[in-house]
Amino acid sequence: MSQLLFRETPTTLSTKKLLILLFALSIRSALAQSTYLIGTLPSVNISTNLNENYGLNFKSEFRQIFAAGFMGDEPIFDHRYIHTDLSIMASRKVGTENKVAFGYLIRMREDGENLHRLTQQIALMSHINGLRLAHRIRTDETFHANGEPRFRLRYRAASDFALNGATIDPREFYIKLTNEYVNDWQGGNYSLEVRVTPLLGYAINDANKLEIGLDYRIGSVLKDINTNSFWAMINWYLKL
Amino acid sequence: MKLVKRTFLTTCICLLCYTQAFAQTKFEREYRVKTNEVPARAIAFINWQTSYGKIRWYYEENFEANAYEGKLKINKQKYSIEFDTLGNLQDIEVELNVKRIDSPVLDEIKQSLSEKFDRYKIIRLQQQFSGNIKSLSSFLQTPSPTDSYVVRYEMTIKGKKNGSRELYEVTFNSAGEVINVSTIVSRNTDNLEY
């Protein structure tokens, strides 16, 4: 409709101003309908091989919030510890570089009410012109005492590449990019969250890596009010 | 909860110290170098050829031998020209599609792979040329049947044998006979999976 208007009506300076004003107002309106969270999400990730085909992964991460509010409004600073996660996953190699894994996570929340989550995933590794690309399909089921169970279906694409040279060698920096789509069902409600995570990594060696960056999550994508989360991340990956 | 946080941080510090103390001693890396860091002899060889456009220079370090490697594209094909640390030409590798190998050689290669593996899939193929500088230079410009260089094929394959799946590097001579098979240690993928 707007394109039709452009074709039929000569664009004058006042029309342009009006359109810019409407555009700015629509952005302001969209932002006013969004919330944000700023926090930290450090994690430690330890893996070990049990034998040629089986392995275990332990992960711990904890969240803190430093600011929250509505987009465009004054921030409400509210430093708060949210939760600590502890998880264990058992994996089995199903191809040269592909794995299936099953796991359990306990989330210890600030209010003392623990959540329990069961996770199933398949990770498929592919190589495109020397670039590693991992596809991860994950399902999880979350249970807690006072609430409906939550079911999620997730897909994540992740890749990393060396900043110097063709492969990530010891004592080199690298970039890791991930993009994840999280479908969430709880009590008859559905929501979609999209996550984008650019990280700068440093490989101490192949079994010991540190990553730092931002995890941006936009939730309730198909709904009127979006939630925007910005998590500062420090990940430590260790293979024993 | 303060206790949980304190435990978490203490565990991180302890584990970091532990891994530093027992870090791997194997040393192998490849990194970009600027053109002015490459030996003049290697640069001269490249300049001697027709202009190829952009060349990326790398330095490869390992326990066996260090080398300079110039990576470039000629007619959309990936070339890798390797020199020793003094700039002497070592070999030229060309990445190519399996379909471009002569039929009898390819049949021999397939036969050899079928004998060594229960199942396999070719991931990457490079044709390797080594010989005197004149022949290799001629190969880069206008290949001629009279050029005398040694041709080998280097393949990266996903192979299954005795129920175990691994990545392998298999080297063949110009007739398609296996010269060497080595297992490639897969790089750690934990940070892409979890």
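The values are calculated or read from the model by the stated rules, or taken from the named source; none is laboratory data. In this text the structure is predicted, and so the values were computed from the model without any measurement. As a convention, Cβ positions derive from the backbone with ideal geometry for all residues, glycine included, and neighbour counts pool all protein chains shown.
Please specify each residue of segment A:144-158 satisfying the condition of being within 12 Å of chain B (Cβ to nearest Cβ) and surrounded by fewer than 17 Cβ atoms within 10 Å (Cβ to Cβ). Of everything in segment A:144-158, just one residue is within 12 Å of chain B (Cβ to nearest Cβ) and surrounded by fewer than 17 Cβ atoms within 10 Å (Cβ to Cβ), namely A:ALA157. Screening A:ASP85, A:ASP78 for residues that are more than 9 Å from every other protein chain (Cβ to nearest Cβ), surrounded by 13 or more Cβ atoms within 10 Å (Cβ to Cβ) and more than 19 Å from A:ALA157 (Cα to Cα) leaves exactly one candidate, A:ASP85.
Looking only at residues in segment A:192-240 that are among the hydroxyl-bearing types (Ser, Thr, Tyr), under 16 Å from the mean Cα position of the chain (by Cα) and under 20 Å from A:SER159 (Cβ atoms), which one is farthest from the other protein chains (Cβ to nearest Cβ)? Checking each candidate, the answer is A:TYR216.
Among the residues of segment B:63-84, those that are of a type in the set (S, T, N, Q) and over 16 Å from B:GLU30 (Cα atoms) comprise B:ASN75, B:GLN77.
Looking only at residues of segment A:173-186 that are within 14 Å of the chain's Cα centre (by Cα) and closer than 15 Å to A:TYR237 by Cβ, we find that the one that is farthest from the other protein chains (Cβ to nearest Cβ) is A:THR178. Condition first: closer than 30 Å to A:ASN205 by Cβ and more than 20 Å from the chain's Cα centre (by Cα). Can you find one or more residues in segment B:175-186 that meet it? The answer is no; no qualifying residue exists. Taking the numbered list (1) of a type outside the set (D, E, K, R); (2) more than 14 Å from chain B (Cβ to nearest Cβ); (3) under 25 Å from B:GLU61 (Cβ atoms) in turn, A:ASN189 passes all entries but (3).
Taking each residue of segment B:81-103 that is small (Gly, Ala, Ser) and looking for partners that are surrounded by 11 or more Cβ atoms within 10 Å (Cβ to Cβ) with beta-carbon atoms closer than 6 Å, six or more apart or interchain, yields B:GLY87/B:PRO39; B:GLY87/B:ARG41; B:GLY87/B:ALA42. Checked against (1) within 11 Å of chain A (Cβ to nearest Cβ); (2) at pLDDT below 85; (3) within 20 Å of the chain's Cα centre (by Cα), B:THR19 passes all but a single condition, namely (3).
Annotation note: Cβ proximity below 8 Å between a residue of segment A:151-170 that is at positive phi and a residue that is aromatic (Phe, Trp, Tyr) (sequence gap 6+ or interchain) occurs for A:GLY165/B:TYR31; A:GLY165/B:TYR58.
Here B:TRP57 meets the list (1) among the aromatic types (Phe, Trp, Tyr); (2) at pLDDT below 85; (3) farther than 30 Å from A:TRP236 by Cβ almost entirely, failing just condition (2). All of (1) more than 22 Å from the chain's Cα centre (by Cα); (2) closer than 24 Å to A:ASN205 by Cβ; (3) not polar (S, T, N, Q) hold for A:LEU131 with one exception: (1). A:MET108 fulfils the conditions (1) facing chain B (nearest Cβ under 9 Å); (2) at pLDDT 95 or above; (3) more than 30 Å from A:ALA162 (Cβ to Cβ) except for a single criterion, (2).
The sole residue among B:GLU108, B:GLU177, B:GLU115, B:GLU93 that is within 30 Å of A:LYS93 (Cβ to Cβ) and at pLDDT 80 or above is B:GLU115.
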